[in-house]
Amino acid sequence: MNRKFLKRILQLAIIVMVAASLIFVVSVILNGINKSFHSKDDKNPTAAPDVNPTGIAGDPTEAGESETPEATQAQNTPEPTQEPQLITYKDVSMLAAGDVMVYESMWVSAKQYGGDRYDFSELTKYVSEIIKDADVAVFNLETNCAGEEIGYSAYPLFNSPDNIITTMKDAGFDVALFANNHTYDKGHRGLIRTQEILAQNNLKVIGARTSESAKSYGVFEFGGVRFGMMNFCYEDGPEDKMTDRTCKYLNWNRLDDQDIPLVDTFNRTRLDDFYTEAASRIAEMKAQGADLIVLFMHWGSEYEEAANSEQKTIAKKMCDLGVDVLVGGHSHTVEPTEKVVSSDGSRKMLCFYSLGNYTSAQNRATFKAGTEFAWLTENELMAKFVVRKYSTGETIVLNAQYYPCWMHRHTVDERLVFNVVPLEKALASDDSKARYGLLESSFGVDHATTAYRYIVNLVKSGIEDFNSSVVLPYEAGDPRLAPGY
């Protein structure tokens, strides 16, 4: 083997060794880079799944594929903390009073007090503060204001000075009910003119209207709550006429044909017709956005201490149809309050069967001696309930309240004085007894105390039963809740 050949072999071996060394160095460098890259992935605890976790077609992560660094980073970014959605609410109260009637002794006293006008303000001076504290207040006007020129009159056909309406407005009332058995005491004139005087005093009228183009019921907003309100009275006339669909009687007065559609009534011989009409009106008012339905009923039997079977039957049906609160009158006595539950148990209704008189001369001195129910006509009730409306649209009757009252008819300087007395306030202390006029008669304190105990015993358990059954849609203390909206 010559020297030249050996030299070439040696050079080739050197080249191979150098090339191998270079290859080794390059592979080490590349391996380090690869490890460095994957070490970043190892610090991310979220690994690419073997299958699509969402099950949504088109998900960019397919089975067996690793996520891109951008996708991994998006998954690791925490969602921003969202504040709970604020739910606001407002509470709106409605107060209802009983029958406003005016007897001769009352308008004579009002004229003596007012001098050149009939001033009935003594009637309500002790209760005005309670009335005005409510967001909306309602009373039943059980008389006509047909004008002085046809003569004022009392039972059995009432016609009173216009200022009785002004007094109710000044006391804080907003709505007058005018479907009762005395609505037509002075015929067409009394029906229409009374409503005109109510309108002049900016009082809304429920239960009657002046023409067929007007509405006797509807949805009225007070304090942001939309109340659907309607008022019905029983028809009362000759027995052989009660089944005659062509005529209508109130207090045995036959309505003129033109006036038949102007007063909202129900016929006891055709209750199904009444239920159909009530259901239609409820549906209409709810479609117009009513948050709750309040029904005012002139019904029952006079001078009774409890609701009769017909009242119970009607109340149950009204609850079934969607009425939330029912307020009754006509008996001239206070009747119990109760929670009425629908036939299927799905809803409840607050029911005041009768609030009794509100302004009246009926008392133990004006009935024949020995009349057992006479003292009951002095007892009165102002009913109040609070409605809560949430910004979500949910509306509930939050609670019921009541104010036992008593009509104090007494003599001051040879003039008869009539005061509606709020009993809880008046009986609170000796000073309040004097402040609310109970010491102005020898019997004031005793009769007021008896009335208070009687009324509380009659209505308290029903009020408490209803209030304890109220279920709030949101628990107290919920961080989302805030008053007002």
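The values are calculated or read from the model by the stated rules, or taken from the named source; none is laboratory data. In this text the structure is predicted, and so the values were computed from the model without any measurement. Please note: Cβ atoms are built from the backbone with ideal geometry, for glycine as well, and neighbour counts cover all protein chains shown.
Taking the criterion of being more than 16 Å from PHE178 (Cα to Cα) and either surrounded by 16 or more Cβ atoms within 10 Å (Cβ to Cβ) or at pLDDT 95 or above (or both), would at least one residue in segment 229-236 satisfy it? Even if it seems obvious, please write down each step before you answer.
Residues of segment 229-236 more than 16 Å from PHE178 (Cα to Cα): none.
The answer is no, given that none of the residues of segment 229-236 is more than 16 Å from PHE178 (Cα to Cα) and either surrounded by 16 or more Cβ atoms within 10 Å (Cβ to Cβ) or at pLDDT 95 or above (or both).
Residues in segment 122-139: is at least one in a helix (DSSP H, G or I), modelled with pLDDT of 95 or more and farther than 25 Å from GLY224 by Cα? Spell out how you get there, then give the answer.
In the first step, residues of segment 122-139 are kept if they are in a helix (DSSP H, G or I); the result is 122-123, 128-133.
Add one more test, that the residue is modelled with pLDDT of 95 or more, and what stays is 122-123, 128-133.
Next, only the ones that are farther than 25 Å from GLY224 by Cα stay: 122-123.
Scanning segment 122-139, I find at least one residue that is in a helix (DSSP H, G or I), modelled with pLDDT of 95 or more and farther than 25 Å from GLY224 by Cα, so the answer is yes.
Would you confirm whether or not segment 231-251 contains a residue that is part of a strand (DSSP E or B) and in contact with a Pro (Cβ under 9 Å, 6 or more places away or on another chain)?
Keep residues of segment 231-251 that are part of a strand (DSSP E or B), which gives 231-234, 249-250.
Retained after the next criterion (residues that are in contact with a Pro (Cβ under 9 Å, 6 or more places away or on another chain)): 249.
Taking every residue of segment 231-251 in turn, at least one turns out to be part of a strand (DSSP E or B) and in contact with a Pro (Cβ under 9 Å, 6 or more places away or on another chain).
Which members of segment 442-484 meet the condition of being within 22 Å of PRO404 (Cβ to Cβ) and acidic (Asp, Glu)?
The answer is ASP446, GLU464, ASP465.
Somewhere in segment 256-264, is a residue surrounded by fewer than 17 Cβ atoms within 10 Å (Cβ to Cβ) and either assigned to a strand (DSSP E or B) or free of Cβ contacts under 8 Å to residues at least 40 places away in the same chain (or both)? Working first, answer last.
So the first thing to find is which residues in segment 256-264 are surrounded by fewer than 17 Cβ atoms within 10 Å (Cβ to Cβ), and the list is 256-258, 260-261.
Imposing the further condition that a residue be either assigned to a strand (DSSP E or B) or free of Cβ contacts under 8 Å to residues at least 40 places away in the same chain (or both) reduces the set to 257, 260.
Yes: one or more hits.
If we keep just the residues of segment 211-228 that are at positive phi and either among the acidic types (Asp, Glu) or part of a loop (DSSP other than H, G, I, E, B) (or both), which is surrounded by the fewest Cβ atoms within 10 Å (Cβ to Cβ)? Working first, answer last.
Residues of segment 211-228 that are at positive phi, as a first pass: 218, 223-224.
Going one step further and asking which of them are either among the acidic types (Asp, Glu) or part of a loop (DSSP other than H, G, I, E, B) (or both), we end up with 223-224.
On the way: GLY223: 15, GLY224: 13.
Among those that are at positive phi and either among the acidic types (Asp, Glu) or part of a loop (DSSP other than H, G, I, E, B) (or both), it is GLY224.
So if I check each of ASN181, ASN140, ASN144, ASN163, which one is polar (S, T, N, Q), under 23 Å from GLY237 (Cβ atoms), surrounded by 16 or more Cβ atoms within 10 Å (Cβ to Cβ) and in contact with a helix residue (DSSP H, G or I) (Cβ under 9 Å, 6 or more places away or on another chain)? I'd like the intermediate steps shown before the answer.
Details: ASN181 fails: in contact with a helix residue (DSSP H, G or I) (Cβ under 9 Å, 6 or more places away or on another chain); ASN140 fails: in contact with a helix residue (DSSP H, G or I) (Cβ under 9 Å, 6 or more places away or on another chain); ASN163 fails: under 23 Å from GLY237 (Cβ atoms).
Just a single option satisfies the conditions, and that option is ASN144.
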